1. Between a residue in the range 142-166 that is under 30 Å from Thr181 (Cβ atoms) and any residue that is charged (D, E, K, R), which pairs come within a Cβ distance under 6 Å, given they are 6 or more apart or on different chains?
2. What number of residues within the range 206-250 are polar (S, T, N, Q) and within 17 Å of Gly165 (Cα to Cα)?
3. Consider Asn68 against the criteria (1) more than 18 Å from the chain's Cα centre (by Cα); (2) more than 30 Å from Thr213 (Cα to Cα); (3) modelled with pLDDT of 80 or more: it satisfies all of them except one. Which criterion is unmet?
4. What about Tyr246, is it buried (at least 17 other Cβ atoms within 10 Å of the Cβ), over 29 Å from the mean Cα position of the chain (by Cα) and modelled with pLDDT of 90 or more?
5. Show me the strands (runs of 3 or more DSSP E) found entirely inside the range 65-121 where at least 1 residues are closer than 30 Å to Thr167 by Cβ and open to solvent by 30 Å² or more (accessible area, probe 1.4 Å).
6. Does Thr213 satisfy the criteria of being open to solvent by 10 Å² or more (accessible area, probe 1.4 Å), farther than 30 Å from Phe89 by Cα, at pLDDT 90 or above and polar (S, T, N, Q)?
7. Filter the range 91-103 for residues that are closer than 15 Å to Thr181 by Cβ and among the small types (Gly, Ala, Ser) and give the result.
Amino acid sequence: MKTLHLLIAGIMVGTSLVSCSDDDGGETVGSMLGLSIPAVAGIPGGMAWAVTDTVGIYCAYDDVSARNIPYVCSDDGDVFGAVDGKDIFVKASTSLTAYYPFTGQSGVWQNPVINTLDQTTTVDWLFARIDHVGVGQSSDVTMNLKHVMSLLRLNLITAGQKALGVTISGLTHTGDFDTKTGIVSVADVPQDYVRTVSNGGLNEMELILLPQTAENVGITVTTNRGKEYTASIPLLTMEPDRQYDYVFDLTVGEEPVVYLVPGSAVKWGLDGTVGDITPDDVAQ
């Protein structure tokens, strides 16, 4: 994909009864897993799947043939096939999980380390799970990929000044992602997250961050007039698959303020109020 915050996608899991030889030369009867993944942009202008995009698939059978199997996008743009023809076979009722982007190697469970300090390399991990997938199940089974990280959007109101540098501290920036379960773990030891941007006039920014709760998150802004403004968010709670919009306003008086935009904390990629988050969304 072409951007980090692209989409919430639906995975169509299609199966058909087949019989094929296993690695030992015997016959394996089961349902070969086929994937169709129509991409739906989470934001206006979001790109569709690219031909080389690859998802990783896990089956409940914890063996090499069903663990972290790469499925790559074909020329059709929404059809995914197993790399080198190493398809997963559904042998009985099972659960399936999918994540994007694929990492590691086929047959090996992955637990990649996350470090969000460098936002140019921070991965927007996506994950989905579906249960009770049976042999011979039809192709109308759908999984919805969701972001496992959180999105923080900061708008700077500077009254004609330009923000040359922005530093945010007090957030944990390291953790790991269990690609089998979709769980993101935050490092036990708190670490300051510092993000400095100098691009000749930044007045808004987006950060992909670990889901976490932090107190007194500090924000420091340096402007083109050589002034430095500091304020803080007393309590910041971020959940997976949610975006949080804050405003840093230095035009209100002697001291700048930071406030949460009304109706913020919506599902990542959607505009609107908290009402956009359904009880089902909260449960997930």
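The values are calculated or read from the model by the stated rules, or taken from the named source; none is laboratory data. Please read these numbers as outputs of a predicted model, since none were measured by experiment. Virtual Cβ from ideal backbone geometry, glycine too; neighbours counted across all protein chains shown. For the accessible areas, the whole protein counts, side chains as well, though only heavy atoms, and no ligand, DNA or RNA atoms are used. Shrake-Rupley method; radii C 1.70, N 1.55, O 1.52, S 1.80 Å.
1. Lys146/Asp241; His147/Asp241; Ser150/Arg242; Arg153/Glu206; Arg153/Asp245
2. 6
3. (1)
4. Numbers: buried (at least 17 other Cβ atoms within 10 Å of the Cβ): yes; over 29 Å from the mean Cα position of the chain (by Cα): no; modelled with pLDDT of 90 or more: yes.
Answer is no for this residue.
5. 113-115
6. yes
7. Hits for the range 91-103 are Ser95, Ala98.
Residue-by-condition table, conditions (1) hydrophobic (A, V, I, L, M, F, W, C); (2) open to solvent by 20 Å² or more (accessible area, probe 1.4 Å):
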residue: Val186; (1), (2): yes, yes
residue: Glu204; (1), (2): no, yes
residue: Ile208; (1), (2): yes, no
residue: Gly218; (1), (2): no, no
residue: Ala231; (1), (2): yes, no
residue: Thr237; (1), (2): no, yes
residue: Thr251; (1), (2): no, yes
residue: Glu254; (1), (2): no, yes
residue: Leu260; (1), (2): yes, yes
